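Below you'll find the structure, written out as structure tokens, and then a few comments.
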Amino acid sequence: MSSKLAVVTGANKGIGFAIVRGLCKRFDGVVYLTSRDEKRGAEAVAALQKEGLNPKYHQLDITDPKSLTVFHDYVKTKYGNIDILVNNAAIAFKSNAPDPVAVQAEETLRVNYFSVVSACEILFPLLRNGARVVNISSSCGHLSCIPSEKLRQRFQDPNLTIPELSDLMRQYVEAAKQGTHAAEWGNSSYVVSKVGLTALTKIQQRLLNDKDIKVNAVHPGYVDTDMSSHKGPLSIDEGAQAPLFLALDAADSVRGEYVWCDKRIVSWSGSKPSENY
Ligand code: NDP
């Protein structure tokens with residue numbers, strides 16, 4: 001029960017896979033590669049084993065409360081606590097996807113926001129004092145991506161609660177279903193989901209301050225993965241750098257921040273940094 005433990009969601013490929021690789025090299029403890037699909041997870045573990053690394057594996061679908069509970073119970077019994085949790089799993093519809101906006105809004109928010117809320121509700125009780133949580137946001141999670149000043153004010157409200165934030169996310173899904181979302185929310189469900197995740201990060205930090213738990217959001221950079229249709233110029237290992245910095249190296253004073261791929265803390269509500277890669 002004394003081993004330190006790191007867990008990465010959605011780690012069978014892409015940036016999550018590279019975060020596991022980096023943790024296996026640098027973290028003094030057990031590293032769990034988790035994936036929703038066991039076969040894809042096993043292949044990813046085998047690929048890292050070929051490199052001489054030794055991640056452990058457990059199935060974890062963040063949209064499935066049963067899967068989350070089974071994983072919680074497994075970790076609680078076998079290890080007791082989690083020291084590093086990287087909420088990496090997410091989806092993004094392609095820009096030419098035929099699915100109606102309403103469907104894209106519901107599904108994107110379900111996976112990228114509501115399932116992260118559920119995963120955290122279930123797994124946060126296992127966080128050890130001093131633990132670190134890294135929420136993988138995006139440059140799309142910058143507040144300036146939301147057109148409405150009134151909405152931006154709501155997201156920034158220092159007293160905003162998780163139920164209130166979830167209500168805002170539901171309002172977006174409703175607006176998308178009515179076709180009235182564009183003026184206030186913009187045209188991207190992915191943006192709304194990642195702004196929601198960044199806002200969630202700040203609330204989670206407020207709630208966990210007394211336990212010395214650090215929760216930060218990060219833009220990993222524009223990375224060559226399936227999600228970016230391999231258009232991103234950064235390798236997955238480059239994309240893993242800022243998440244690994246927050247998981248392992250950042251000063252304890254870095255809390256509730258929005259961190260750019262070059263490891264700079266950036267103002268969430270100020271102007272968005274440029275993306276020079
Ligand atoms: P990929 O599409 O390459 O990988 C996403 C991973 O998430 C896959 O392992 C996928 O599993 C998993 N996943 C999806 N849904 C679930 C679920 N319900 N439960 C568990 N796992 C799930 O994406 P990236 O590596 O590019 O993205 C990783 C993170 O980085 C995401 O949060 C993304 O939003 C963010 N990001 C990426 C950028 C980029 O340029 N690539 C830029 C900014 C942010 P499966 O293989 O089964 O589908």
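The values are calculated or read from the model by the stated rules, or taken from the named source; none is laboratory data. Small disclaimer: the values here were computed from a predicted structure and weren't measured. Please note: Cβ atoms are built from the backbone with ideal geometry, for glycine as well, and neighbour counts cover all protein chains shown. Just the protein is used for accessible areas: all its heavy atoms, side chains included, with ligands, DNA and RNA removed. Shrake-Rupley method; radii C 1.70, N 1.55, O 1.52, S 1.80 Å.
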- Message: Considering only the stretch 208-223, I want to know if a residue exists there that is assigned to a helix (DSSP H, G or I) and surrounded by 15 or more Cβ atoms within 10 Å (Cβ to Cβ).
- Response: yes
- Kindly establish whether G196 is within 13 Å of the ligand (Cβ to nearest atom), in a helix (DSSP H, G or I) and buried (at least 20 other Cβ atoms within 10 Å of the Cβ). yes
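If you check V70 against the conditions, is it more than 11 Å from the ligand (Cβ to nearest atom), part of a helix (DSSP H, G or I) and either within 20 Å of F27 (Cα to Cα) or of a type in the set (A, V, I, L, M, F, W, C) (or both)?
Yes.
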- Per the filter on the stretch 203-224, residues away from the ligand (no atom under 12 Å from the Cβ) and either touching a helix residue (DSSP H, G or I) at 6+ places or on another chain (Cβ under 7 Å) or touching a residue at least 60 places away in the same chain (Cβ under 8 Å) (or both) are I203, Q204, L208, K211, D212, I213, K214, V215, N216
- Task: Any residue in the stretch 32-47 that's more than 17 Å from F71 (Cβ to Cβ): show its pairings with residues that are open to solvent by 50 Å² or more (accessible area, probe 1.4 Å) and of a type in the set (D, E, K, R) at Cβ separation under 9 Å, as long as the two are six or more apart or on different chains.
- Result: none
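This table checks each residue for (1) in contact with a strand residue (DSSP E or B) (Cβ under 6 Å, 6 or more places away or on another chain); (2) among the β-branched types (V, I, T); (3) open to solvent by 30 Å² or more (accessible area, probe 1.4 Å); (4) within 13 Å of the ligand (Cβ to nearest atom).
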position	(1), (2), (3), (4)
A18	no, no, no, yes
R21	no, no, yes, yes
R26	no, no, yes, no
T34	yes, yes, no, yes
E51	no, no, yes, no
K56	yes, no, yes, no
I82	yes, yes, no, no
F114	no, no, yes, yes
E121	no, no, yes, no
- Query: Taking the condition more than 13 Å from the ligand (Cβ to nearest atom) and open to solvent by less than 60 Å² (accessible area, probe 1.4 Å), does V191 pass?
  - Reply: no
- Message: So A251 passes all but one of these: (1) open to solvent by less than 20 Å² (accessible area, probe 1.4 Å); (2) assigned to a loop (DSSP other than H, G, I, E, B); (3) among the aliphatic types (A, V, I, L, M). Which condition number does it fail?
- Response: (1)
- Task: Have a look at S229, S274 and point out the one that is touching a residue at least 40 places away in the same chain (Cβ under 8 Å) and not aromatic (F, W, Y).
- Result: S229
- Residue check: is D64 surrounded by fewer than 17 Cβ atoms within 10 Å (Cβ to Cβ) and within 16 Å of the ligand (Cβ to nearest atom)? yes
